[in-house]
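These notes are about the structure you will find just below.
Rule-based calculations on the coordinates, nothing more; no lab input. This one's a predicted model, so the numbers in the text were calculated from it and none came from an experiment. Cβ atoms come from the backbone with ideal geometry, glycine included; neighbour counts cover every protein chain shown.
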Amino acid sequence: MMNKDFKPLFENLNMNPARGENETYDEYVTRRKKVNFILKRYKQVGREVFESVFPEGVTIEGMDNMIKNTQNG
């Protein structure tokens, strides 16, 4: 049962296992690696943490920025 405040976290994330029409093979491989990394972290920390870190939903750019910020600071 879902509550009224339920927000889909991954709606902005292209999780399609197929390569897109305008996507090169290298872009496809990079995207799949990043999606797998995001899913691995999601399974480790849980939904509540992801909702607090990504209130508007998870994006690859948002995850890249978060990783970059933690490495720099």
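For the reader, a short list of remarks on this structure follows.
- Entry note, the chain: the mean residue ellipticity at 222 nm calculated from DSSP H runs of n ≥ 4, each adding -39500 (n - 2.57), is -18000 deg cm²/dmol after division by the residues and rounding to the nearest 500.
- One decimal place: the segment D64-N36 gains 8.7 nm when fully extended, by the rule 0.36 nm per residue minus the C-alpha distance.
- Estimated distance in nm for a label pair at Y28 and E48, the labels positioned 7 Å out from Cα along Cα-to-Cβ: 4.0
- Stokes-Einstein D (µm²/s) once Rh is taken as the Kirkwood radius of the chain over alpha-carbon pairs, at 37 °C in 0.692 mPa s: 242
- Estimated distance in nm for a label pair at E11 and N72, the labels positioned 7 Å out from Cα along Cα-to-Cβ: 3.0
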